[in-house]
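Working notes, beginning with the structure itself.
The values are calculated or read from the model by the stated rules, or taken from the named source; none is laboratory data. Everything quoted here is computed from the prediction, not taken from an experiment. Heads up, the Cβs are rebuilt from the backbone with ideal geometry, glycines too, and the neighbour counts pull from every protein chain shown.
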Amino acid sequence: MSRQTLDTTSTRPPAGRRLAAHTAVSAARLLSHLPPTRLQAVLRAASRGAKSASYDTALSARGDVTAVSVLCSGRYCLQRSLATALLCRIGGTWPTWCTGVRTSPFAAHAWVEAEGRPVGEPADTAAYHTMLSVPPR
(Lines give C-alpha, C1' and ligand atoms only; values in the text may rest on other atoms or scores of the structure.)
Protein backbone atom coordinates (compact mmCIF):
# COMPACT_ATOMS: atom_id res chain seq x y z
CA MET A 1 0.00 0.00 0.00
CA SER A 2 1.37 3.41 -0.86
CA ARG A 3 1.96 6.00 1.80
CA GLN A 4 -0.74 8.68 1.90
CA THR A 5 0.18 12.29 2.64
CA LEU A 6 -1.95 15.22 3.63
CA ASP A 7 -3.08 17.65 0.94
CA THR A 8 -1.72 20.81 2.50
CA THR A 9 -1.60 23.00 -0.59
CA SER A 10 -4.70 24.98 0.38
CA THR A 11 -4.77 28.17 2.38
CA ARG A 12 -7.41 28.89 4.98
CA PRO A 13 -10.55 30.16 3.23
CA PRO A 14 -12.43 33.27 4.45
CA ALA A 15 -15.04 32.79 7.19
CA GLY A 16 -18.09 32.47 4.90
CA ARG A 17 -16.44 29.86 2.70
CA ARG A 18 -15.11 28.06 5.78
CA LEU A 19 -18.63 27.73 7.18
CA ALA A 20 -19.92 26.37 3.87
CA ALA A 21 -16.99 23.95 3.68
CA HIS A 22 -17.61 22.71 7.24
CA THR A 23 -21.28 22.18 6.36
CA ALA A 24 -20.36 20.19 3.25
CA VAL A 25 -17.81 18.09 5.18
CA SER A 26 -20.38 17.29 7.88
CA ALA A 27 -23.00 16.27 5.33
CA ALA A 28 -20.41 14.21 3.43
CA ARG A 29 -19.50 12.34 6.60
CA LEU A 30 -23.12 11.27 7.03
CA LEU A 31 -23.57 10.39 3.35
CA SER A 32 -20.40 8.30 3.28
CA HIS A 33 -22.16 5.65 5.39
CA LEU A 34 -24.95 5.07 2.85
CA PRO A 35 -24.99 2.01 0.60
CA PRO A 36 -23.82 2.81 -2.95
CA THR A 37 -27.23 2.76 -4.66
CA ARG A 38 -28.82 5.00 -2.03
CA LEU A 39 -25.83 7.35 -2.11
CA GLN A 40 -26.10 7.60 -5.88
CA ALA A 41 -29.83 8.39 -5.60
CA VAL A 42 -29.19 11.14 -3.03
CA LEU A 43 -26.45 12.67 -5.18
CA ARG A 44 -28.65 12.55 -8.29
CA ALA A 45 -31.31 14.48 -6.39
CA ALA A 46 -28.72 16.97 -5.14
CA SER A 47 -27.33 17.53 -8.63
CA ARG A 48 -30.72 18.24 -10.20
CA GLY A 49 -30.89 21.75 -11.65
CA ALA A 50 -27.21 22.59 -11.13
CA LYS A 51 -24.93 23.98 -13.80
CA SER A 52 -21.76 22.08 -14.66
CA ALA A 53 -18.91 23.11 -12.39
CA SER A 54 -15.82 24.51 -14.06
CA TYR A 55 -12.48 22.93 -13.24
CA ASP A 56 -11.42 26.03 -11.29
CA THR A 57 -14.66 26.09 -9.27
CA ALA A 58 -14.31 22.42 -8.35
CA LEU A 59 -10.62 22.84 -7.53
CA SER A 60 -11.43 25.78 -5.26
CA ALA A 61 -14.12 23.74 -3.51
CA ARG A 62 -11.71 20.83 -3.07
CA GLY A 63 -9.13 23.22 -1.63
CA ASP A 64 -11.65 24.64 0.86
CA VAL A 65 -12.68 21.13 1.92
CA THR A 66 -9.11 19.97 2.47
CA ALA A 67 -8.29 23.20 4.33
CA VAL A 68 -11.02 22.68 6.93
CA SER A 69 -10.86 18.88 7.38
CA VAL A 70 -7.84 16.80 8.28
CA LEU A 71 -9.72 13.65 7.25
CA CYS A 72 -10.54 15.07 3.83
CA SER A 73 -6.98 16.25 3.33
CA GLY A 74 -5.73 12.71 3.92
CA ARG A 75 -6.85 9.31 2.76
CA TYR A 76 -10.64 9.71 3.11
CA CYS A 77 -11.31 10.13 -0.61
CA LEU A 78 -15.01 9.26 -0.40
CA GLN A 79 -15.72 11.95 2.16
CA ARG A 80 -13.48 14.43 0.30
CA SER A 81 -15.18 13.83 -3.04
CA LEU A 82 -18.65 14.06 -1.51
CA ALA A 83 -17.81 17.25 0.36
CA THR A 84 -16.31 18.79 -2.78
CA ALA A 85 -19.43 18.00 -4.82
CA LEU A 86 -21.73 19.29 -2.08
CA LEU A 87 -19.73 22.49 -1.67
CA CYS A 88 -19.98 23.06 -5.41
CA ARG A 89 -23.74 22.50 -5.12
CA ILE A 90 -23.99 25.12 -2.38
CA GLY A 91 -22.56 27.50 -4.98
CA GLY A 92 -25.07 26.38 -7.64
CA THR A 93 -22.84 24.07 -9.67
CA TRP A 94 -22.11 20.34 -9.74
CA PRO A 95 -18.99 18.44 -10.87
CA THR A 96 -19.20 14.82 -11.99
CA TRP A 97 -18.82 12.70 -8.86
CA CYS A 98 -17.11 9.35 -9.50
CA THR A 99 -16.06 6.18 -7.74
CA GLY A 100 -14.00 3.46 -9.29
CA VAL A 101 -11.57 0.61 -8.87
CA ARG A 102 -8.29 -0.49 -10.33
CA THR A 103 -7.24 -4.11 -10.47
CA SER A 104 -3.48 -4.18 -10.21
CA PRO A 105 -2.94 -3.69 -7.34
CA PHE A 106 -6.57 -3.62 -6.29
CA ALA A 107 -7.74 -0.29 -4.89
CA ALA A 108 -10.93 1.74 -4.77
CA HIS A 109 -11.08 5.53 -5.08
CA ALA A 110 -13.61 8.37 -5.21
CA TRP A 111 -13.05 11.71 -6.95
CA VAL A 112 -14.77 14.54 -8.81
CA GLU A 113 -14.27 15.55 -12.42
CA ALA A 114 -14.90 18.85 -14.15
CA GLU A 115 -14.40 19.73 -17.80
CA GLY A 116 -13.63 16.05 -18.46
CA ARG A 117 -10.69 15.66 -16.08
CA PRO A 118 -10.16 14.66 -12.45
CA VAL A 119 -9.94 17.64 -10.11
CA GLY A 120 -6.82 17.87 -7.97
CA GLU A 121 -6.04 14.18 -8.32
CA PRO A 122 -2.75 12.48 -9.16
CA ALA A 123 -2.18 11.23 -12.70
CA ASP A 124 -2.73 7.59 -11.69
CA THR A 125 -6.44 8.31 -11.19
CA ALA A 126 -6.78 7.54 -14.91
CA ALA A 127 -6.05 3.87 -14.04
CA TYR A 128 -9.36 3.58 -12.15
CA HIS A 129 -12.39 2.15 -13.93
CA THR A 130 -15.46 4.23 -13.05
CA MET A 131 -18.14 2.15 -11.33
CA LEU A 132 -20.58 4.89 -10.28
CA SER A 133 -20.84 8.47 -11.41
CA VAL A 134 -23.26 11.34 -10.94
CA PRO A 135 -22.88 14.05 -13.60
CA PRO A 136 -24.61 17.46 -13.52
CA ARG A 137 -28.29 17.26 -14.48
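When you scan region 117-131, do you find a residue that is within 26 Å of residue 12 (Cα to Cα), outside any strand (DSSP E or B) and basic (Lys, Arg), even just one?
Looking for residues that are within 26 Å of residue 12 (Cα to Cα), outside any strand (DSSP E or B) and basic (Lys, Arg), one finds none in region 117-131, hence no.
With the condition kept exactly as written, say whether any residue in region 12-34 is loosely packed, with under 11 Cβ neighbours inside 10 Å and touching a helix residue (DSSP H, G or I) at 6+ places or on another chain (Cβ under 8 Å).
yes
Looking at 37, 66, which one is of a type in the set (Val, Ile, Thr) and over 25 Å from residue 14 (Cβ atoms)?
Unique residue meeting the criteria: 37.
Take the residues of region 116-131 that are among the aliphatic types (A, V, I, L, M) and in contact (Cβ under 8 Å) with a residue 12 or more places away in the chain: which is surrounded by the fewest Cβ atoms within 10 Å (Cβ to Cβ)?
Among residues in region 116-131 that are among the aliphatic types (A, V, I, L, M) and in contact (Cβ under 8 Å) with a residue 12 or more places away in the chain, the one surrounded by the fewest Cβ atoms within 10 Å (Cβ to Cβ) is 131.
Quick check: anything in region 16-25 at pLDDT 95 or above, within 19 Å of residue 125 (Cβ to Cβ), in a helix (DSSP H, G or I) and under 12 Å from the mean Cα position of the chain (by Cα)?
No; the residues of region 16-25 include none that is at pLDDT 95 or above, within 19 Å of residue 125 (Cβ to Cβ), in a helix (DSSP H, G or I) and under 12 Å from the mean Cα position of the chain (by Cα).
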